[in-house]
Amino acid sequence: MTSLDRRSVLRAAASAAGAGALVAGCAPDRAKDPGAARAARGPGPSGAGRHPPAPAARRPTRVPGQGAQIEHGPRDGRAVALTFHGAGDPRLATALLGEAERAGAKVTVLAVGDWLDEQPAMARRILDGGHELGNHTMHHRAICALPAAEAYAEIVRCAERLRTLTGTIGSWFRPSQTRRATDLVTSLARKAGYPHVLSYDVDSLDANDPGAPAVRRTVLDSVGPGSVVSLHLGHAGTVAALPPILDGLRRRGLRAVTTTELVT
Ligand SMILES: [Zn+2]
């Protein structure tokens with residue numbers, strides 16, 4: 001993709017973002033619960049099964065020495081994990097993965113289940129780039145506020161999508177609209193097959209669309225060895241911020257790796 005092409009993709013996506021077409025961020029005060037609107041429309045088209053399983057899908061890993069919730073990896077290493085809420089315009093997602101790959105970086109995408117229903121090819125695209133894929137619930141509702149049965153269904157339904165598309169339930173589970181899971185959600189995730197819940201220690205605040213320089217500054221001001229950084233697919237500012245973030249990490253001797261590589 002030429003830089004001209006990239007700019008037009010970003011412009012198109014930025015105008016979509018301005019129209020409120022993209023999915024809200026992970027934090028409770030930024031959430032718009034797009035799942036409720038989709039539920040009212042009924043199930044979307046399912047592309048499950050149309051794509052052969054991606055060979056690189058990892059199963060969840062139990063990490064000795066880590067608690068039920070993982071917020072960061074080793075502080076004495078040189079690795080960090082850039083972790084993404086997986087939803088939004090697939091052109092932006094593809095542009096972001098391309099930027100990561102140009103810089104030799106790996107990322108972790110926690111995919112929302114109904115996004116996978118709409119964009120089933122993205123699961124394969126993520127894994128084929130050497131990145132990691134995980135579960136970010138079926139509809140991105142405020143999972144910690146749901147009754148147990150509904151919260152469990154949110155986890156399991158996304159896990160089923162991932163299994164159909166990739167052969168595994170994904171490497172990690174991240175709860176929706178919260179930084180940390182409640183004990184109940186942690187136990188439901190464990191029951192669904194995820195030994196850990198993936199939290200984070202650096203919030204990029206990129207879902208507020210503050211502009212690429214602000215996203216870069218927020219990340220580089222807080223990141224350190226072992227950090228797990230929360231970011232979002234589907235935001236043009238995040239795509240534009242990624243190259244300078246990766247450059248800043250490199251200057252500090254830090255490498256962006258998959259979450260599994262960070263913590264194991
Ligand atoms: Zn999210």
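The values are calculated or read from the model by the stated rules, or taken from the named source; none is laboratory data. Not measured: the values here are computed from a predicted model. As a convention, Cβ positions derive from the backbone with ideal geometry for all residues, glycine included, and neighbour counts pool all protein chains shown.
Answer yes if at least one residue in the stretch 198-206 is more than 20 Å from L92 (Cβ to Cβ), touching a residue at least 12 places away in the same chain (Cβ under 8 Å) and surrounded by 24 or more Cβ atoms within 10 Å (Cβ to Cβ), and no otherwise. Among the residues of the stretch 198-206, at least one is more than 20 Å from L92 (Cβ to Cβ), touching a residue at least 12 places away in the same chain (Cβ under 8 Å) and surrounded by 24 or more Cβ atoms within 10 Å (Cβ to Cβ), which makes the answer yes.
From P74, P64, P60, which residue is within 13 Å of V263 (Cβ to Cβ), in a loop (DSSP other than H, G, I, E, B) and under 16 Å from the mean Cα position of the chain (by Cα)?
Values: P74 fails: under 16 Å from the mean Cα position of the chain (by Cα); P64 fails: under 16 Å from the mean Cα position of the chain (by Cα).
Answer to the selection: P60.
Among the residues making up the stretch 96-134, a single one is surrounded by 22 or more Cβ atoms within 10 Å (Cβ to Cβ), farther than 20 Å from E261 by Cα and among the small types (G, A, S): G113. Selection within the stretch 198-222: residues that are touching a Lys or Arg at 6+ places or on another chain (Cβ under 8 Å) and assigned to a loop (DSSP other than H, G, I, E, B). The member of this set that is farthest from H72 (Cα to Cα) is S199.
Step by step: first the residues of the stretch 135-166, then only those that are in contact with a strand residue (DSSP E or B) (Cβ under 7 Å, 6 or more places away or on another chain) and closer than 11 Å to G86 by Cβ, then the one that is surrounded by the fewest Cβ atoms within 10 Å (Cβ to Cβ). Which residue is that? That would be L162. Within the stretch 112-126, is there a residue that is in a strand (DSSP E or B) and within 15 Å of the ligand (Cβ to nearest atom)? No.
State yes or no: is A256 surrounded by 23 or more Cβ atoms within 10 Å (Cβ to Cβ) and either in contact with a helix residue (DSSP H, G or I) (Cβ under 8 Å, 6 or more places away or on another chain) or closer than 25 Å to R58 by Cα (or both)? Answer is yes for this residue.
To keep it simple, each residue is scored yes or no on (1) closer than 19 Å to R58 by Cα; (2) more than 16 Å from the ligand (Cβ to nearest atom).
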| position | (1), (2) |
| --- | --- |
| A192 | yes, yes |
| N208 | no, no |
| R217 | no, yes |
| P225 | no, yes |
| H232 | no, no |
| P243 | no, yes |
| V263 | yes, yes |
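Here is a check on your reading of the model: is H196 at pLDDT 95 or above and within 16 Å of the ligand (Cβ to nearest atom)? Answer is no for this residue.
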